[in-house]
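A short worksheet on the structure shown next.
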Amino acid sequence: NLNGKTALVTGSTSGIGLGIASVLAKAGAQLILNGFGDSDSARAQIASLGKTPGYHDADLRDVQQIAAMMAYAEREFGGVDIVINNAGIQHVAPVEAFPVEKWDDIIAINLSSVFHTSRLALPAMRARNWGRIINIASVHGLVASKEKSAYVAAKHGVVGFTKSLALETANTGITCNAICPGWVLTPLVQQQIDKRIAAGEEPEQARSQLLAEKQPSGEFVTPQQLGELALFLCSDSAVQVRGVAWNMDGGWVAQ
Ligand code: NAD
């Protein structure tokens, strides 16, 4: 039960972030949403579960905007007890053709923003001696795929950062862990399916081929399932789960 807890979920206007925010809201948490696109429908979806969520439109490439979001959380909600670092982007290209500005954006959003939200949330968590920092890494935090160099570098970085922060907080009521999803059918993955369709595959075949290459279950992981894992990591039973990178991936990394 997360009554009385405030949870910030970055990149929660879509996909996995919105799924996790919904599960935490159902469990009683006060949500603060962030992300681009259609924030109204995300806000309405969370509000329908109970409490009206906060929302901040920080672009996580910008340290000043991250600081403004954390200040907003402090001012409006008395700080955050749970940070779900979820926002992320992908770009697929071989290293020698990888756009330099895409590299910089991916490192900033997928990796550096995790450092910034964590460092800014920690003082209040330490004062309360309770906190949960959950970083949505990826199977690409554990293993690589070709043409995803920036993403793989950033996600391996997130897993390393998670372990380091878990050690720094080991004797406190604050835990830091990573969740490593396999394929989840969100706009981020739909883009990669659309590329296959553009290259001539049928939509159904594009989806099943994408899964067949990496995910032995042949099924997508769902945002709801990832939310339930995040909810467990927020629970008191998970207080000794520290510094793990927990994959939920239909068997991807077992191969
Ligand atoms: P998505 O594209 O559906 O959602 C991404 C969210 O991040 C959106 O809310 C978007 O507005 C937000 N965002 C993007 N750039 C931002 C920025 N500069 N500032 C603030 N917010 C920004 O993607 P998703 O698939 O739900 O991915 C969520 C996380 O899960 C990412 O970190 C991704 O790497 C990770 N992940 C996804 C999969 C998958 O198969 N979909 C697998 C493993 C890991």
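Quick look at the numbers
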{"quantity": "Qualifying residue in segment 130-139 (condition: more than 9 Å from the ligand (Cβ to nearest atom) and more than 19 Å from residue 16 (Cα to Cα))", "calculated": "yes"}
{"quantity": "Residue tally, condition under 16 Å from the mean Cα position of the chain (by Cα) and more than 15 Å from residue 13 (Cβ to Cβ), over segment 28-62", "calculated": "1"}
{"quantity": "Residue ranges of helices (runs of 4 or more DSSP H) in segment 173-255 with at least 2 members free of Cβ contacts under 8 Å to residues at least 12 places away in the same chain, surrounded by fewer than 17 Cβ atoms within 10 Å (Cβ to Cβ) and more than 21 Å from the chain's Cα centre (by Cα)", "calculated": "187-198, 203-214"}
{"quantity": "Segment 116-139: number of residues that are in contact (Cβ under 8 Å) with a residue 40 or more places away in the chain, not in a strand (DSSP E or B) and not small (Gly, Ala, Ser)", "calculated": "10"}
{"quantity": "Residue within segment 154-165 that is modelled with pLDDT of 95 or more, within 14 Å of the ligand (Cβ to nearest atom) and touching a Phe, Trp or Tyr at 6+ places or on another chain (Cβ under 6 Å) present", "calculated": "no"}
{"quantity": "Selection count, segment 29-71, where residues are in contact (Cβ under 8 Å) with a residue 24 or more places away in the chain, part of a loop (DSSP other than H, G, I, E, B), more than 11 Å from the ligand (Cβ to nearest atom) and of a type outside the set (A, V, I, L, M)", "calculated": "3"}
{"quantity": "Candidates 166, 170 - the one that is touching a residue at least 12 places away in the same chain (Cβ under 8 Å), closer than 14 Å to residue 245 by Cα and not in a strand (DSSP E or B)", "calculated": "166"}
{"quantity": "Condition met for residue 98 (over 15 Å from the mean Cα position of the chain (by Cα), hydrophobic (A, V, I, L, M, F, W, C) and more than 21 Å from residue 1 (Cα to Cα))", "calculated": "yes"}
{"quantity": "Identity of the residue in segment 112-137, of a type outside the set (S, T, N, Q) and closer than 20 Å to residue 150 by Cβ, that ends up surrounded by the fewest Cβ atoms within 10 Å (Cβ to Cβ)", "calculated": "115"}
{"quantity": "Those residues of segment 72-111 which are within 27 Å of residue 128 (Cα to Cα) and either within 16 Å of the ligand (Cβ to nearest atom) or buried (at least 19 other Cβ atoms within 10 Å of the Cβ) (or both), in sequence order", "calculated": "72, 73, 79, 80, 81, 82, 83, 84, 85, 86, 87, 111"}
{"quantity": "Residue count for segment 232-255, restricted to those that are within 16 Å of residue 137 (Cα to Cα) and out of contact with any Pro (no Cβ under 9 Å at 6 or more places or on another chain)", "calculated": "7"}
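Quick grid of which residues meet (1) among the basic types (Lys, Arg); (2) over 19 Å from residue 15 (Cβ atoms):
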site: 128; (1), (2): yes, yes
site: 151; (1), (2): no, no
site: 154; (1), (2): no, no
site: 167; (1), (2): no, yes
site: 176; (1), (2): no, yes
site: 189; (1), (2): no, no
site: 206; (1), (2): no, no
site: 212; (1), (2): no, yes
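The values are calculated or read from the model by the stated rules, or taken from the named source; none is laboratory data. Just so it is clear, the structure is predicted and the values come from calculations on it, not from any experiment. Note that we place each Cβ from the backbone using ideal geometry, even for glycine, and neighbour counts take in every protein chain shown.
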